[in-house]
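Peer 1: Supplied in structure tokens, the structure appears directly below.
Please treat every number below as a calculation from the coordinates, not as lab data. Bear in mind that the values here come from a model prediction, so they are computed numbers and not experimental data. Neighbour counts run over all protein chains shown; Cβ positions are idealised from the backbone, glycine included.
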Ligand code: NI
């Protein structure tokens, strides 16, 4: 199994070692959200063979953004185990007032993804129009919509582009009907499994702290929705992840 999106900062878990140990036979892609967490991702990929990383500046964190982040990002993109830029994007839910800054920083990071042929992991919430407008200028860049939360109509637009869909615990929620419909319609070869740990814990553990091993419950739900075996879902989505992030396995 590959959890294509999780946050493994030490401060987020009581016992990060055991969380990582549980994934010994599997792989994870740790994501950064700001300078500090991205530095931690770089440390993790060097310390564990089964951890890859994406580093980047999250739209809700742009207040903390400083110009010295870009040279750090560029330097580390040269490492083969840093497999993308993320999570980056636009979020107007709580932080609409930083809209202009979010767009500027999103584009700066997309430019680097283009230069280094890396995948971008996009976080987009309540910012659909602007997100579409920005990505239309970067359709040559490989993209993942992390924790996809928009409608089926939007998914159909994105299916025409070079975009993969990150699906996590929300698909298991009883009130996750909209996402279940989307997952039913998107071909399996366009889906990636993710947990977004420690957030968005799938059923039956909703309410507890999430961890990458719970990717199994996401796979189980997708199998149920699509009428496939769990093995089929795991096999295809693992292939998808290897292809999307050029993982050296
Ligand atoms: Ni995340």
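Peer 1: Answer rounded, prolate or oblate for segment 172-220, using the Cα gyration tensor with square roots of eigenvalues a ≥ b ≥ c: rounded when a/c is under 1.5, else prolate when a/b is larger than b/c, else oblate.
Peer 2: Note, shape of segment 172-220 comes out oblate.
Peer 1: How would you rank 73-79, 121-127, highest first, on the average number of other Cβ atoms within 10 Å across their residues?
Peer 2: 121-127, 73-79
Peer 1: Taking the Cα-to-Cβ direction at residue 189 and at residue 248 and moving 7 Å from each Cα, how far apart do the two end points lie in nm?
Peer 2: Each label point lies 7 Å from its Cα, and together they span 2.7 nm.
Peer 1: Is segment 105-168 best put as rounded, prolate or oblate by its Cα gyration tensor, with a ≥ b ≥ c the root eigenvalues, rounded for a/c under 1.5, and otherwise prolate when a/b is larger than b/c, oblate when not?
Peer 2: Verdict is prolate for segment 105-168.
Peer 1: Of the peptides 48-61, 6-19, how do they stack up when ordered by the mean number of other Cβ atoms within 10 Å, highest first?
Peer 2: Ranking, from highest mean packing down: 48-61, 6-19.
Peer 1: Measure out, as a whole number of angstrom, how far apart the alpha-carbon centroids of segment 195-249 and segment 99-147 sit.
Peer 2: With segment 195-249 and segment 99-147 each reduced to a Cα centre, they are spaced 24 Å.
Peer 1: Okay, next question. Grab the Cα-Cα distance for residue 74 and residue 180, subtract it from 0.36 nm times how many residues apart they are, and report the gain in nm with one decimal.
Peer 2: On the way: separation 106, 0.36 × 106 = 38.16 nm, distance 3.71 nm.
Between residue 74 and residue 180, full extension yields 34.4 nm more.
Peer 1: Rounded, prolate or oblate, given the Cα gyration tensor of segment 33-156, with a/c below 1.5 counting as rounded?
Peer 2: In terms of gyration-tensor shape, prolate.
Peer 1: With contacts defined as alpha carbon pairs under 8 Å and 6 or more residues apart, what's the relative contact order of the chain in percent?
Peer 2: Result for the chain is 18 percent.
Peer 1: Within segment 5-30, which residues have the backbone N less than 20 Å from the label spot 7 Å out from residue 116 along Cα→beta-carbon, could you tell me?
Peer 2: 5-9, 28-30
Peer 1: Using the per-residue mean of other Cβ atoms lying within 10 Å as a proxy for protection, in what order, highest first, do the peptides 214-222, 31-39 fall? Write out the running numbers ahead of the final one.
Peer 2: Details: 214-222: 23.1, 31-39: 21.3.
Output ranking for 214-222, 31-39: 214-222, 31-39.
Peer 1: Pop a pseudo-label 7 angstrom from the Cα along the beta-carbon direction at both residue 16 and residue 46 and give the gap in nm to one decimal.
Peer 2: Result: 1.4 nm between the two label points.
Peer 1: In segment 2-245, if every C-alpha pair distance is counted and binned at 10 Å from zero, what percent goes to each bin?
Peer 2: 8, 34, 39, 18, 1
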